[in-house]
Each structure stands twice: as structure tokens, then as C-alpha cells.
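All of the numbers you see were taken from the coordinates with simple rules; none came from a lab. Just so it is clear, the structure is predicted and the values come from calculations on it, not from any experiment. All Cβ positions, glycine included, derive from the backbone under ideal geometry; neighbour counts span all protein chains shown.
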Amino acid sequence: MIALDPAANRPQFINVRVKRQDGPGQEPYWQLFKIDYEPELNVISVLQRIAALSKTSDGKKVTPVVWDCGCLEEVCGACTMQINGRVRQSCSALVDQLLKDNADEIVLEPMSKFPVLRDLMVDRRRLFKALEKVKAWVPVDSYYNMGPGERQLRATQEQNYPLSQCMSCGCCVDACPQYNKIELERKKDETEEEFKKREEKAWDKAFVGPHAISQAMLFNNHPTGKSIAGERLDALTAPGGIQACGNAQNCVAVCPKEIPLTTSIARAGRATTIHTIKKWFEK
Amino acid sequence: MSDSNSDSNSEPSFFTKHEFAIRRLHSLTGIVPLGLYMCVHLTTNASLLGSVEIFQRAVFLIHSPGPLLPLIEWGGIFLPLLFHAGLGIWIAKTGRSNSSQYQFTSNKRYTWQRWTGFIALVYLFLHVMHLHGGIHAEGWMNAIYKVGFGQFSPYNAGSSLVDAMNLGYGIIWPAIYLVGVLACVYHFINGLWTAGITWGLWISPQAQARATKVCVALGVVLTVISLAAWAGAVFPSKDDVAKMRAIEDRMYEAGVVSGTVLENEHKRDLRGRAAAEESVDASDGEQASTGTTEPAS
């Protein structure tokens, strides 16, 4: 690391190029910021410095760059953005590491597959809607005590634990070539509700994404969750289901939690194959 | 009831409703019959390097169904191919390649799979037109023969193939075939690997790594076979063609007598032979006029 190495030439400044956008549907534009170098910064603290500065490198006074963040320890996914062309969390993106790869500048862009609300803040509702589509939960709504759950085999636990680490950040879908941006505009004669309905319909038809496929596999492998396994597989074979996967495997390559998404997709492939054949003969 | 109205407006199409099954069929047709057929086809063609007889015997066997052959060709090859290609173009259009942004090997493979698919489609159209002709109606075949298509004569398999490759200065077609065949091999092998994910055949990363090894080995073997097939069609000279034709004719006549080959003059290379004989006659004629006293007939 540059910071810990006293012999290394420390830069005086850090150039940060930010892709900004004033509001939904507006034209994005680039701005260059220049902040003083400090050791051991992460991208969040860089954005804090920029907000405090509110001045571009050529001295123009501008509104602070907007971004989203939550936990600051890579478990909430809120601060996900494209850093130097690669989607990741800005809290765990360490500036000294970034400068090692590219000393000239750090490039910050919003995620590419979600509608931009402002600057680096995006609307990720579609991501969560996909989890609803595949019923990524354990159905325990009941008035009655159902007793203790089935014991889980150690092998099952070991298979499930990595999948349970998914924080729904959206890196996988952002890097996926089969997951395309859906950005609708509210029509003049449309109520808020009608617009939301239209939006959800558009999301429902489009690819659910690797995260949802993986979560479906997690809950299909859960002793109680598997009671609605068939419904999840129905959702995965519906329009926008697993068939839209193109096997580019970017999801597994960019996942910050190193979740074996290709394994989940292959498992879902096998499960949907068997499910569909069974259904076809039982009709 | 504006809701039900808007629902009925956007009633999903047959394709949307059955997209899962249709895309599974797309995956299946890529392997059986198309991929399997390609393996058999390339191996058969590579046998030309062995001898003219082995290749011609294989072609006689392929043509043994006689009048049923077009049915097999269309049902087992052309229609699955058209389906696979048509849906493949649609699938390619649903994605946005980003392999310049995310330069992972598997992402590049994704992009290449689409490009080799397009190359294979154009190449296979040219290939079928160049040799097979598509529809075996006599008028059509005669018409396209004049512009260099429909050149293959199954009962003179080797010789008509080599002749056909020599059209266009003997460089254009060999180049097209080399690129096209290699694109097809890549598309098949990579498609085989991804089909393992699609169908859930190899699931764990270890299983996928083993599958990669198997597919690479298969790809190497198939590449060698396809290069052998290519070499067998490209390297023989004009003199070889005459020798090949003599062997094929001998096999045809003997086959017809023994009943192992269905008699069919249309499948013989009569047009190519006529052209060849003309040129031979012409050169013979020259020799005759300069050398012997034999009267020119």
C-alpha cells in the first residue's frame, strides 16, 4: 500500500471524475474534482470531502454530489456504484488501492442498470421486486405454533450459508449483459398508482437477475422454505425467468460476497428442468 | 374496469408464455441434431484424407435412403437450423454485450458465442448454397450452377467437392470455409458447455472445471477433424480430381450392378465432367493436329 510505504511517492492531490445527473431522465454530465491526498481513504470519505468542497477542479461552485450509503461495512449494498468502470461498494473501495491501479484519477459513475435519481443515487426497487417474484422468504404466517423446524444437515447448512450472505446490492445485475435497464416515464394522464403498476409489469416481464435465482435456490433448500419450492420454480420459468440467463457469468465474477451464483443458476436450471417435465406429465 | 382492459391489451404472446420451453428447445436443437450432425459431417469429410473410396462409400451410405433423403435433410437439419438461427438472433438481441468493460474470459466467451453464431449463420447459408443448392428442383439447380452454386454431386463426392473449392481462384472459398467451420466448432463447444449450466448438468465449480476440460479436449479433437476435412477438400490438385472421378465412377457403376447404390444420374457430376472432357478434348485435339495422323472427328 502506498499509504504504509514511506518510500513511495505520495500524490499531493486525488483527481475524482464524477458522472453527474440532476434528476431522473435528465442528461448526465461529467465533473472533475480535486481533493487533497490523505492516506487510507475510502470512496465514501472521498465523496464526503467533495461534498464539503462543493467546487470542481477549475474552481466552479457546484451542488454537492449526491450518493447513498448505509452500513459502511459492505453488508447493506446501498453505496453500490461503478468505480473505475467496475461495479462495487464505495465503502469497501480503498483509495490507495484504486490509485495503485490508476494513479491519474478515480472515476465514479452511478450503477448502469437502474434509473438514476440524482448523481450517484439510483432507484433499485426492481431488484427487490424480483425477490418478491420468486418468493424469497420462509412462509411461516400462521396462528398456530408449528413446532420446532426440521433439523438441517451440516452439508445443507454449508451450501446455504454463502447464499444467505447476499445483501441485494445489485452488482450481479449491473454487470449482467442480459439484465437491461428499464426506465419508464410517468405519462401526463397517469396517476401515481397506475404508473407504479405499469412499472411493476415491465419489471415482471424482464429478467429477474442472478440474485433472485440464487435466493430462490436458498429458500428451496430450506427445510420450511421448500414447502413452496414449486411456486418459486414456476416464477423462474415464467416470462423473465431463468431462461433469460446468457451464461456470461459476470455475476459470479463481480459479486462482492463471492456467492457461487453460477452454481445457483445451474441448480435452478436442473430444478426447473425436472419441475417442468414433471408438470408436463402431471397435467 | 380499466384494469382488466389494460390486462387484456397486454395478454402475453404465445412466445412470451412459453419462452422457457422454447429456449430449452433452442438449447437442445443446438446439440441434437445440429451439433451431433456437425460432428458426423466433419468426420465424414475428414475421411477424404484417408482415401477417395472411404469418403465415397460414406456418401453412398448417406444417400441410401434415396427419395427420403430430402425429408431427413429438412426435418433433421434445415428446419432445426432455421429455428436455432432465428431464435438465436432474437436471443442475441435481448442482451447488451459488455465484454470491453468486464474483461472476464467467460464474458468474452458470451460475446464470441453471439458473434460466432452470426458468422455460422452467414457461412452455413453460403455453404448450403455453394454445394448442396438447398432445393433439388432441376431448373433451380441448373440456374444456380451457372453462378457457382449447387456444385456438389454426391455420386462424385470428392471430385466435385474439390472442383467447387477451386472456384474463385481457389482462395475465396477455402478462406470462407476455414473461418466458417472454426466458428461453428467454437459455437458448438462453447454452447455445449453453457448448455450444461442451462440444463443443470454441471453444478458445482469443480464439476464445471471438469466440464471445461472435457469440452476443451472435445474442441481440440473437433478442430483437428475440421481442419482435416478442410484440407481434404482444398489440397488435391486438378490431376487428382480426374483420378478421383475415375474411382468414383468405377464405384458407382459397380454399386449399381451389385445393388448397393441407388441408380440416379442426377447425383453424378455430369456437368463438371462435360466441362472437364471438353478441355481434355481440346488439348487432345491440339496434340492430334500436331502429332498423329488420326482424323479429327
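Can you tell me how the stretch A:84-125 classifies by the Cα gyration tensor, rounded, prolate or oblate, using a/c under 1.5 as the rounded cut? It is prolate, given that a/c is not under 1.5 and a/b is the larger ratio. Peptide A:231-239 is shielded by partner chain Cβ atoms: per residue, an average of 2 of them sit within 10 Å of its Cβ.
From the square roots a ≥ b ≥ c of the eigenvalues of the alpha-carbon gyration tensor of the stretch A:72-213, which class results: rounded (a/c under 1.5), prolate (a/b over b/c), or oblate? Walk me through the numbers on the way to the answer.
Numbers: a/c = 2.54, a/b = 1.18, b/c = 2.15.
It comes out oblate by the Cα gyration axes.
Helix content alone sets the calculated 222 nm mean residue ellipticity of chain A: runs of n ≥ 4 DSSP H residues at -39500 (n - 2.57) each, divided across all residues, give -11000 deg cm²/dmol.
Mind pulling the angle between the C-alpha long axis of helix A:210-220 and the longest principal axis of chain A? Nearest 10 degrees, somewhere in 0 to 90. Orientation of helix A:210-220: about 40 degrees from the principal axis.
Straight Cα distances below 16 angstrom link A:Lys196 to the lysines A:Lys129, A:Lys133, A:Lys187, A:Lys188, A:Lys205, with same-chain residues fewer than 8 positions distant left out.
Please give the average number of partner chain Cβ atoms lying within 10 Å of the Cβ of each residue in B:22-30, rounded to a whole number. Let's see the in-between values first.
Values: counts 1, 5, 7, 0, 1, 2, 0, 0, 0.
Per residue, the average neighbour count from other chains is 2.
Projecting the Cα atoms of B:Pro205, B:Ser160, B:Gly170 onto the dipole axis of chain B, where Lys and Arg carry +1 and Asp and Glu carry -1 at the beta carbon, places B:Pro205 farthest toward the positive end.
Note on A:Tyr161/B:Thr260: beta-carbon distance plugged into 1/(1 + (r/R0)^6) with R0 of 60 Å gives a FRET efficiency of 0.35.
Residue by residue along B:155-166, Cβ atoms of other protein chains within 10 Å of the local Cβ number 0 on average. Each of B:Ser237 and A:Thr63 was given a label point 7 Å from its Cα along the Cα-to-Cβ line. The distance between the two points is 8.0 nm.
Distance between Cα centroids, the stretch A:182-255 to the stretch B:60-109: provide it in whole Å. Here the two parts' Cα centres lie 28 Å apart.
What length, rounded to one decimal in nm, is gained on full extension from B:Ser100 through to B:Ile72, with 0.36 nm per residue of separation minus their alpha-carbon distance? Walk me through the intermediate numbers first.
Working: separation 28, 0.36 × 28 = 10.08 nm, distance 4.24 nm.
The span from B:Ser100 to B:Ile72 would gain 5.8 nm if fully extended.
Start at zero, step by 5 Å, and the Cα-Cα distances of the stretch A:125-282 spread as 2, 9, 17, 19, 19, 14, 10, 6, 3, 1, 0, 0 percent across the bins.
With a sphere of radius 9 Å drawn around the Cβ of A:Asp22, what net charge do the other residues whose Cβ falls strictly inside it have (Lys, Arg +1; Asp, Glu -1)? It would help to have the intermediate numbers written out before the result.
Numbers: positive: A:Arg20, A:Arg118; negative: A:Glu27, A:Asp119.
With Lys, Arg at +1 and Asp, Glu at -1, the net is 0.
Simple point charges give the picture: +1 on the Cβ of Lys and Arg, -1 on the Cβ of Asp and Glu, and for the protein assembly as shown a dipole about the Cα centre of about 1680 debye. In chain B, the longest principal axis of the Cα atoms and the axis of helix B:19-29 are about 30 degrees apart. Between A:Leu94, A:Thr276, A:Thr191, the Cα set farthest toward the positive side of the dipole of chain A (charges on each charged residue's Cβ, about the Cα centre) is that of A:Thr276. Neighbour counting of Cβ atoms within 10 Å sorts the residues B:Trp74, A:Trp280, fewest neighbours leading, into A:Trp280, B:Trp74. Here the residues B:Arg210, B:Arg268, ranked from fewest to most Cβ neighbours within 10 Å of their Cβ, fall in the order B:Arg210, B:Arg268.
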